[in-house]
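S.K.: Sending over a structure as structure tokens; questions will come in a sec.
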Amino acid sequence: MLTCKISPCTIVGASFAGLACAMRLAEAGIEVEIIERKSEPGEKLHTTGILVRDVTDRIAWLGELPEGLTRRIEGVRLYAPSLRSVDLSAPNYYFLATDTPQVLRWMAQRCERLGAKIHYGATFGGAEPCGDGFTLPQFGHCSFLVGADGPLSQIARSLGLGQNREFIFGIEHEYEGLAIDGADRLHCFIDRRLAPGYIGWVVAGVGIVQVGLARRLRGTASEAKAAMSAFLEKIAPLFDVRDTTPIHIRAGLIPCGGLVSPLARPRALLVGDAAGMVSPLTAGGIHTALEHGHAAGQAIADFLHGTAPDPSEKFIASYPHFRMKRTLRWLYDHFQNDLAFDLLIGTPPVRAAARIVFFQRKRRTFS
Ligand SMILES: Cc1cc2nc3c(=O)[nH]c(=O)nc-3n(C[C@H](O)[C@H](O)[C@H](O)COP(=O)(O)OP(=O)(O)OC[C@H]3O[C@@H](n4cnc5c(N)ncnc54)[C@H](O)[C@@H]3O)c2cc1C
């Protein structure tokens, strides 16, 4: 049990969104506490951890990441269901594979050096509005509460905020000691039967090879496992990992229905996956979690310093609505067609569409 105290800002969740938010708050001189149920930030992650280039341009501290925690991926190799492929890249564009547990540990240490207090092994169980803020039974009172607790946010439930309802389900194997051809590429596989609504992938990460599959259907665990086995069989002519035991297997939900509503109330705000701040089309949520967390941290700091209104009023008006991406998601969900991809994979229209999905510069999400 933690001692009861008054904290200006409490954040639930010490992952990308929560730590980015805490860093900005701490830099702005706000005392911040983070409640995290894991015993350390790199434990049991559910992400491939690929960063798009744009975020490294926008979040200055990412430039300080120690060498060896990231690896450049220069482009995409896109495979049709028949395994015919096309290489795609764009000038000055790349992805960063990350040693994700170490990146999160580094972010958490940076937060702590700035003065944030992280309570590991602590689970948020509920909050009650109380005066100018909230009381968290085990943790005391806070003037502002941030829900950075992922796709199935407990904060959202507890405060009566909106919840994610549409998901992609991802499963990934991580292999050690393997070398693959095309290690400078993100290998993406289209297959409506195995990965309806999304893709399968192979990527040489930092010191490991990651092989994953994400599906619009949640299904049972054994269905996902069977789809993954079928995917490993399918890609064996190119990447044969069938006789290698993965060092980790991870799975998780990715929200793909756009922003939840409402995502804020006076003195409380959801950020990252909890807010549905994930591209509904690419399902990339790390860059948006980092940018959203950072911008929310600034808006909350301004409010607590008395120089701006509560972020639940004005700040959230600047949020993206992902209208175009939600439309494209709907089209892909309903009209994904293996035969069409087999026939059209190398053609200019498919190349052009794929370039938009993979390399279109992400617009600055927050002004
Ligand atoms: C298989 C898979 C692969 C993916 N690959 C990529 C990728 O390559 N690139 C990309 O951009 N996106 C990817 N994503 C999406 C990306 O991982 C998420 O969008 C991102 O992690 C969101 O960060 P977040 O901080 O909002 O939430 P999360 O990373 O989900 O963090 C939530 C945190 O809150 C904590 N928490 C939850 N509930 C409580 C509670 N009650 N009390 C205390 N703590 C709590 C959790 O322990 C966790 O640390 C992937 C997702 C999956 C499932």
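Every read-out reported here was derived from the displayed coordinates using simple, explicitly stated rules and does not represent laboratory data. If you're wondering where the values come from, they're calculated on a predicted model, not measured in any experiment. Backbone-built Cβ (ideal geometry, glycine too); neighbour counts: all protein chains shown.
S.K.: Give me the distance between the Cα centres of the stretch 143-216 and the stretch 44-76, rounded to whole Å.
M.R.: For the stretch 143-216 versus the stretch 44-76, the Cα centre distance is 15 Å.
S.K.: Separate question: So what is the diffusion coefficient of the chain in µm² per second by Stokes-Einstein at 25 °C and 0.890 mPa s, using a Kirkwood Rh over Cα pairs? Walk me through the intermediate numbers first.
M.R.: Values: Rh = 21.1 Å.
My calculation gives 116 µm²/s for D.
S.K.: Please give the length that would be gained between Asp184 and Arg84 if that part of the chain were fully extended, namely 0.36 nm times their separation in residues minus their C-alpha to C-alpha distance (nm, one decimal).
M.R.: Values: separation 100, 0.36 × 100 = 36.00 nm, distance 1.84 nm.
Using 0.36 nm per residue and subtracting the Cα-Cα distance, I get 34.2 nm.
S.K.: Also, quick follow-up: Would you kindly derive the ³J(HN,Hα) couplings of the stretch 283-292 from the backbone phi angles with the Karplus curve 6.51 cos²θ - 1.76 cosθ + 1.60 (θ = phi - 60°), listing them in order in whole Hz, with x for Gly and Pro?
M.R.: So the J values, rounded to whole Hz, are 6, x, x, 6, 5, 5, 5, 5, 5, 5.
S.K.: How many Å³ per residue does the convex hull of the Cα positions in the stretch 210-367 occupy? Numbers along the way, then the final one.
M.R.: Working: hull volume 24.3 nm³, N = 158.
Cα convex hull per residue, to the nearest whole number: 154 Å³.
S.K.: Using +1 on the beta carbon of Lys and Arg, -1 on that of Asp and Glu, and nothing else charged, what's the dipole of the stretch 83-237 about the Cα centre, debye to 20? Don't jump to the answer; show the numbers that get you there.
M.R.: Numbers: 15 positive and 15 negative charges, 66 e Å.
Dipole of the stretch 83-237, to the nearest 20 debye: 320 debye.
S.K.: Something else now. Given the chain, what percent of its DSSP beta bridges are antiparallel, to the nearest 5?
M.R.: That works out to approximately 65 percent antiparallel.
S.K.: What's the exposure ranking of Thr244, Thr288, going from fewest to most Cβ atoms within 10 Å? Let's see the in-between values first.
M.R.: Values: Thr244 15, Thr288 26.
Listed from fewest to most nearby Cβ atoms, that is Thr244, Thr288.
S.K.: Right, here's the next one. What's the lysine pair count for the chain at a Cα cut-off below 16 Å, pairs eight or more apart or interchain?
M.R.: Lysine pairs meeting the criterion: 4.
S.K.: Residue farthest toward the positive end of the dipole of the stretch 200-247, with Cβ of Lys/Arg at +1 and Asp/Glu at -1: which of Gly207, Pro237, Ser222?
M.R.: So the residue we want is Ser222.
S.K.: Here's something else I'd like to know. Using the Cα centre of the chain as the reference point, and only Cβ charges (+1 on K/R, -1 on D/E), how large is the resulting charge dipole? Debye, rounded to the nearest 20. Walk me through the numbers before you get to the answer.
M.R.: On the way: 40 positive and 36 negative charges, 181 e Å.
With Lys and Arg at +1 and Asp and Glu at -1, about 860 debye.
S.K.: Describe numerically, in nm with one decimal, the distance between label points set 7 Å from Cα along Cα→Cβ at Ala251 and at Ile6.
M.R.: If labels sit at Ala251 and Ile6, their model points lie 4.7 nm apart.
S.K.: Follow-up. May I ask you to sort Arg351, Arg193, Arg185 by Cβ crowding, counting other Cβ atoms within 10 Å and putting the fewest first? Could you put the intermediate results ahead of the total?
M.R.: Details: Arg351 16, Arg193 11, Arg185 22.
Result, fewest neighbours first: Arg193, Arg351, Arg185.
S.K.: Taking 0.36 nm per residue of separation and subtracting the Cα-Cα distance, what length does fully extending Gln109 through Asn92 add? Can you show the working numbers first?
M.R.: Details: separation 17, 0.36 × 17 = 6.12 nm, distance 3.10 nm.
The Gln109-Asn92 span can extend by a further 3.0 nm.
S.K.: Looking at the stretch 73-124 from every direction and averaging, what is the projected area of its Cα convex hull in nm²?
M.R.: Numbers: hull surface 28.8 nm².
Mean projected area for the stretch 73-124: 7.2 nm², to one decimal.
S.K.: I've got another one for you. In nanometres, what is the gap between the two model label sites at Lys314 and Arg37, each 7 Å from Cα along Cα-to-Cβ?
M.R.: Those two pseudo-labels are separated by 3.6 nm.
S.K.: Which of the chymotrypsin sites (Phe, Trp or Tyr not before Pro) across the stretch 197-306 are loop residues per DSSP, with 13 or fewer other Cβ within 10 Å?
M.R.: Details: sites: Tyr198, Trp201, Phe231, Phe239, Phe303; in loops: Tyr198, Phe239.
Sites meeting the loop and neighbour criteria: none at all.
S.K.: What angle do you read, to the nearest 10 degrees and between 0 and 90, between the alpha-carbon axis of helix 16-27 and the longest principal axis of the chain?
M.R.: On a 0 to 90 degree scale, this one is about 40.
S.K.: Pick out, from Ala308, Leu263, Ile356, the residue whose Cα sits farthest towards the positive end of the charge dipole of the stretch 261-367, with +1 on the Cβ of Lys and Arg and -1 on the Cβ of Asp and Glu.
M.R.: Value: Ile356.
S.K.: At a threshold of 8 angstrom on Cα-Cα distance, excluding pairs fewer than six apart, so keeping six or more, what relative contact order does the stretch 52-136 reach in percent?
M.R.: Numbers: 67 pairs, mean separation 19.7, N = 85.
Worked out over the stretch 52-136, it gives 23 percent.
S.K.: Another one. Starting with the fewest neighbours, write out Phe341, Phe16 ranked by other beta-carbon atoms found within 10 Å of each beta-carbon.
M.R.: On the way: Phe341 19, Phe16 30.
If I rank by nearby Cβ atoms, fewest first, I get Phe341, Phe16.
S.K.: May I pose another question? How high is the relative contact order of the chain, in percent, counting Cα pairs under 8 Å that sit 6 or more residues apart?
M.R.: Working: 785 pairs, mean separation 84.1, N = 367.
Over the chain, the number comes to 23 percent.
S.K.: A further question follows. Counting pairs of alpha carbon atoms under 8 Å apart in space and at least six apart in sequence, what relative contact order in percent does the stretch 88-241 give? Mind showing how you got there, number by number?
M.R.: On the way: 179 pairs, mean separation 24.9, N = 154.
With pairs under 8 Å counted, the relative contact order is 16 percent.
S.K.: Go through Leu331, Tyr319, Thr347 and say which Cα lies farthest out towards the positive end of the charge dipole of the stretch 316-355; charges sit on Cβ, +1 for Lys and Arg, -1 for Asp and Glu.
M.R.: The Cα lying farthest towards the positive end belongs to Tyr319.
S.K.: Give me the distance in nm between label points sitting 7 Å out from Cα along the Cα-to-Cβ direction at His46 and Thr307, one decimal.
M.R.: Placing both labels 7 Å beyond Cα along the Cβ direction yields 3.8 nm.
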